[in-house]
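The values are calculated or read from the model by the stated rules, or taken from the named source; none is laboratory data. Model, not experiment: these values are computed from the prediction. Note that each Cβ is placed from the backbone with ideal geometry, even for glycine, and that neighbours are counted across all protein chains shown.
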């Protein structure tokens with residue numbers, strides 16, 4: 001899948017995180033869309049197909065765990081990376097139980113984020129090839 005078509009939804013209430021992730025992914029040609037809460041993410045996921053979601057846990061309106069539980073209950077099949085602040089192990093565990101695929105501890109490096117995304121792309125390509 002060409003990277004330009006690889007759509008990533010970033011869900012975080014911190015505009016600095018939006019800028020950071022955009023910067024980290026700027027060398028890749030991903031189609032990145034950013035929203036500030038779980039409700040907005042849920043609405044986007046109902047209207048458009050994304051290949052990957054990166055979500056914070058602690059957000060206003062709808063938190064990340066509620067978002068993950070809701071989209072998994074609705075059968076939305078999307079790989080989910082949850083970003084978690086250091087020392088939030090209980091919350092991160094709850095995110096995995098809700099259906100998150102990977103926890104990425106903040107602060108994270110450009111290399112770490114890109115490696116995780118690359119792994120998901122590779123797994124997706126292998127799945128599509130096997131089908």
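Remarks
- Residues satisfying the stated conditions in the stretch 59-81, i.e. over 20 Å from residue 47 (Cβ atoms) and under 14 Å from the mean Cα position of the chain (by Cα): 63, 65, 81
- Within the stretch 3-33, the set of residues being within 14 Å of residue 56 (Cβ to Cβ), surrounded by fewer than 19 Cβ atoms within 10 Å (Cβ to Cβ), touching a residue at least 24 places away in the same chain (Cβ under 8 Å) and under 13 Å from the mean Cα position of the chain (by Cα) comprises 17 only.
- Single residue of the stretch 34-54 satisfying the filter (touching a residue at least 40 places away in the same chain (Cβ under 8 Å) and under 17 Å from residue 82 (Cβ atoms)) that is surrounded by the most Cβ atoms within 10 Å (Cβ to Cβ): 53
- Flag if residue 68 is within 22 Å of residue 119 (Cβ to Cβ) and either surrounded by fewer than 13 Cβ atoms within 10 Å (Cβ to Cβ) or without any contact (Cβ under 8 Å) to a residue 40 or more places away in the chain (or both): yes
- When residues of the stretch 2-18 are limited to those that are part of a loop (DSSP other than H, G, I, E, B) and closer than 26 Å to residue 70 by Cβ, the one modelled with the lowest pLDDT: 6
- Those strands (runs of 3 or more DSSP E) lying entirely in the stretch 19-112 with at least 2 residues over 22 Å from residue 6 (Cα atoms): 80-85, 102-106
- Yes/no for residue 115 being within 15 Å of the chain's Cα centre (by Cα), part of a helix (DSSP H, G or I) and either closer than 24 Å to residue 67 by Cα or modelled with pLDDT under 90 (or both): no
- Qualifying residue in the stretch 88-98 (condition: over 13 Å from the mean Cα position of the chain (by Cα), in contact (Cβ under 8 Å) with a residue 12 or more places away in the chain and surrounded by 19 or more Cβ atoms within 10 Å (Cβ to Cβ)): yes
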